[in-house]
Amino acid sequence: MGNYSSTNRVLHDMTGVTRQMADNEESILQGLLVYFSKFSYDKAKEQADKERDLSRFSGSPVWQSLLSCVAQLASVEKLYMNLSFLTAKGFLRKESSVRASYESLNLELSELGSERRRGLGTNGNPPPTSSGAPGSPCCDGILRHLCSHLVLFIKARLQMIAFYEKLLEASMCRLMNFEELLSQVTEIGQKNSRNFHHPILTPIKTNFTYECDILIHLLRSQLEMQHWRFLPSLIHLHDAHSKLNSWHSAIQPKETKKYGFGSSFLKSSPLPVLYQWLWQTKAAFVSKFSLYFHETLAAQSSPAEMKALISRQGQACDYVSKIQSFQRKSDAVSVCLVFEAAGIEDYQGAGYHHPQELLPAPKGLDSYPAIFSYPSNKCQDRWPSIVMRITDRSNEAALLDGVVCFFDQQIGSTYFLCRVDPKITIVVVFDTKKSEKDSYIRDFIYDLALQLRCNKVFTNLKPK
């Protein structure tokens, strides 16, 4: 009886020591991943290497291997967040593939995780003979379990690499297919929403979720703007803005300042390229939103307040001032953006509308409203001619590839047109005959169209 009690006491003491060691390892691992969440990847690698050296004679082989993997993961995560996987490889330059590094880690962690079942009983618990010593199934089980979670995280990273590669490829097209891109990133977010959910992995899970959610809101805002929907565009831009601010607060908890809707705080920032790009993309979309819904926004403030607000928000581009300057220098009668509402069943017009408010579908010329016009209402007598040019499908490819010019001999007006979005066209009108080769006019219109398509925003994903 005495021997039985003594054995139980020894086993109890060993279990306590093992639990303490396991808790210590979990605490160390969680601390390392907190560095990840703050983009301190060099510090994470340095600390992981240090912990591995300290535990060389006392830690289990699994713990040693896991620390080695975490150190490698810190290095490759730094490359990922700086979009190094999109960098063009020069002639005879040795390629350091981010994807290959993730795949190598995936294999290593998979092997560690697959060992989890070895030495476990049929019920998934350690067999009764397990000693509980370092390196035993009892001690290493949680570490192997975490390895299996990290495998899922790496798979999610590989999916995101494929997404960004597709995003960059799509930016080379004349009009980007935002629906397809949105579908892909939404699927990645949903597929991984329940993966790598262990509490210790919360820091990297949180960052991954922020990244996906912000991308989803940005792409949705772009789609809504293409259909000239004020409220949905505003909501998705606001959600992207809120999540970016929340992410920034998580990265720098001592920072109390909330950044503006189009903040330019990233100048000379040491933060990763991908993180900065998300802020810059949001700012570019806010600029586009301010132009597309300028009339609605201006109705809520004076022209001076509107101009000051746009300037203070640090937007990527003040399109209104740009258009006004061009109109004065070129002596154009009007610069306007025309929306094709024909065929859109849920079209309600400019501004906010109650969700239950049903408006009759517009007909005739009313199906082609000017969503922006400067100076205002200068082309009403020319509107039938403008609509005729826009709806001439024989010019569809030309409107996307460049600027189309028409001269109306009957009224002596010259029209320059270029497609911005699938249903939005820039139209510049002159009351005299203009050369269709006028480079100042053509370059301004095409550059404005390219900016509003936002292709350059996505091309900027590629590190310089």
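The values are calculated or read from the model by the stated rules, or taken from the named source; none is laboratory data. Since we're looking at a predicted model, the values are computed, not measured. When we count neighbours, we look across all protein chains shown, and the Cβ atoms used for this are built from the backbone with ideal geometry, even at glycine. Side chains included, ligands, DNA and RNA excluded: accessible areas come from the protein's heavy atoms. Shrake-Rupley method; radii C 1.70, N 1.55, O 1.52, S 1.80 Å.
Listed cross-link partners Lys363/Lys456; Lys434/Lys464; Lys78/Lys282 are compared with a 31 Å cut-off, the Cα-Cα value being larger for Lys363/Lys456; Lys434/Lys464. Distances over 19 Å make up what percent of all Cα-Cα pairs in segment 319-431? When every Cα pair of segment 319-431 is considered, 48 percent fall beyond 19 Å. Inter-label distance, Thr209 to Ala397: 4.9 nm, where each label sits 7 Å from its Cα along the C-beta direction.
Solvent-accessible surface of protein heavy atoms, probed at 1.4 angstrom with all chains present, puts Tyr368, Tyr352 in the order Tyr352, Tyr368, largest first. For segment 384-397, backbone phi angles converted through the Karplus equation (6.51, -1.76, 1.60; θ = phi - 60°) give residue-by-residue couplings of x, 5, 5, 4, 4, 5, 5, 8, 6, 5, 5, 9, 4, 5 Hz, Gly and Pro being listed as x.
Take 293-304, 28-39 and order them by the average number of nearby Cβ atoms within 10 Å per residue, most first; the result is 28-39, 293-304.
FRET efficiency for the pair Lys433 and Lys50, taken as 1/(1 + (r/R0)^6) with r the Cβ-Cβ distance and R0 = 56 Å, rounds to 0.15. Averaging the Cα positions of each part gives two centres, and for segment 284-305 and segment 142-159 these lie 45 Å apart. Rolling a 1.4 Å probe across all protein chains gives Lys434 an accessible area of roughly 60 Å².
Taking θ as phi - 60° and the Karplus parameters 6.51, -1.76 and 1.60, the scalar couplings of segment 364-370 work out to x, 5, 5, 7, 10, x, 8 Hz in sequence order, x denoting glycine and proline. For Val420, the residues whose amide H sits under 5 Å from its own are Thr425, Ile426, ignoring neighbours fewer than 5 places away on the same chain, with H placed 1.01 Å from N.
Magnitude of the charge dipole for segment 355-398, about its Cα centre and with charges confined to Cβ atoms of Lys, Arg (+1) and Asp, Glu (-1), is about 140 debye. Sorting Lys464, Lys437 by accessible area puts them as Lys464, Lys437; the probe is 1.4 Å, largest comes first, and only protein heavy atoms count. Rolled with a 1.4 Å probe across the full set of protein chains, the surface gives Asp447 an accessible area near 80 Å².
Model label sites at Gln324 and Gln30, defined 7 Å from Cα along the beta-carbon direction, differ in position by 5.5 nm. When the residues Phe416, Phe406 are ordered by accessible surface, computed with a 1.4 Å probe over the protein chains alone, the sequence from largest down reads Phe406, Phe416.
The string of couplings for segment 168-179 from the Karplus curve (6.51, -1.76, 1.60, θ = phi - 60°) is 5, 5, 5, 5, 7, 7, 5, 10, 6, 8, 5, 4 Hz, one whole number per residue in order, with x for Gly and Pro. In the context of the full protein assembly, Glu187 retains an accessible surface of approximately 100 Å², using a probe radius of 1.4 Å and ignoring ligands and nucleic acids. Computed from the C-beta positions of His145 and Lys456, the FRET efficiency with R₀ = 41 Å rounds to 0.35. The spacing between segment 165-179 and segment 414-448, judged by their C-alpha centroids, is 24 Å. How many nm is it between the label spots at Leu358 and Glu165, if each spot is 7 Å from the Cα in line with the beta carbon? About 4.9 nm, to one decimal. Cross-link pairs exceeding 30 Å in C-alpha to C-alpha distance, out of Lys243/Lys329; Lys50/Lys166; Lys243/Lys378; Lys243/Lys307; Lys378/Lys437; Lys307/Lys462, comprise Lys243/Lys329; Lys50/Lys166; Lys243/Lys378; Lys307/Lys462.
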